[in-house]
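The values are calculated or read from the model by the stated rules, or taken from the named source; none is laboratory data. These numbers were taken from a predicted model, which means no experiment stands behind them. Surface accessibility is based on the protein's heavy atoms, side chains included, excluding ligands, DNA and RNA. Shrake-Rupley method; radii C 1.70, N 1.55, O 1.52, S 1.80 Å.
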Amino acid sequence: MGRWFFLQTSRLVASTAFDVSVGNQVFSPSSVTLNVNDTVKWTHSVSGFHSITGSGLSSGSATTSPFTYSFLFTSPGTFNYQCGIHLSSMPGSVTVSPPPTVAPTVTIQSPSAGSVFDAPASFNMTATASDSDGTVSQVEFFKGGTSLGVSFGPQYSASVANLSAGTYLL
């Protein structure tokens, strides 16, 4: 008898916060490279008036310490900024990398998890597929390294014939 198991995975989107210190005539670090959906937090903790301005960034009116300003970067690109008081003598930049390509998700619809068949087994295997950053045009089913067939969606299927006894993972 063959046993079928179903394994489902999910993808989490990670985000990171980057800290930039606002000091006497300097941002430290002055350049930051990050990913889409990461945040930069500027912290001003020394004497003097400062603000963050430029490339869609604005911390508002210049203020003395302490203050913090955070910005979530939702699109790729280079974002130049400066202190609103010190202008070009106090520059900084944030480079935001585009998101990585995400692999498509394929979900086996049948046979269901835990299905048991008598050998030699013959049945139809079906699946759905999606791609969060693209499209799916076909799904290929395999038994080990052997193709069971290519199917063109949106409901993908392949016939399995004369499957020998054993345990198989989907």
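Side notes on the structure shown:
- The residues of segment 41-91 have, on average, 52 Å² of accessible surface per residue, using a 1.4 Å probe with all protein chains present.
- Here the 3J(HN,Hα) profile of segment 69-75, calculated from phi with Karplus coefficients 6.51, -1.76 and 1.60 at θ = phi - 60°, is 9, 10, 9, 8, 8, 9, 9 Hz, Gly and Pro shown as x.
- Under 5 Å, built H, 5+ apart or other chain: amide partners of SER115: TRP4
- Solvent-accessible area of the chain (1.4 angstrom probe, protein heavy atoms only): carbon and sulfur portion equals 53 percent.
- Remark: the THR128-GLN155 segment gains 9.1 nm on full extension, using 0.36 nm per residue and subtracting the alpha carbon distance.
- All-pairs Cα distance distribution in segment 79-170, expressed in whole percent, bin size 5 Å: 3, 10, 16, 16, 11, 7, 5, 4, 4, 4, 4, 5, 5, 3, 2, 1
- Amide proton proximity set for VAL136, modelled H, under 5 Å, gap of 5+: ASP131
- The chain, Rg to Rh (Cα coordinates; Rh as Kirkwood inverse mean 1/r): 1.33
- For the chain, averaging the sequence separation of C-alpha pairs within contact (under 8 Å, six or more residues apart) and dividing by the residue count gives a relative contact order of 24 percent.
- Across segment 21-38, computed HN-Hα scalar couplings (Karplus, 6.51 cos²θ - 1.76 cosθ + 1.60, θ = phi - 60°) run 7, 9, x, 6, 6, 8, 9, 9, x, 7, 10, 10, 10, 8, 10, 3, 6, 8 Hz from first to last residue, x flagging Gly and Pro.
- Heavy atoms of LEU72: accessible area, 1.4 Å probe, square angstrom to 10: 90
- Segment 119-168: radius of gyration and largest Cα-Cα distance (Dmax), Å: 12.5, 40
- Between the amide H of GLN109 and those of THR126, ALA127, THR128, distances stay under 5 Å, these residues lying 5 or more places away or on another chain, with hydrogens modeled in the peptide plane.
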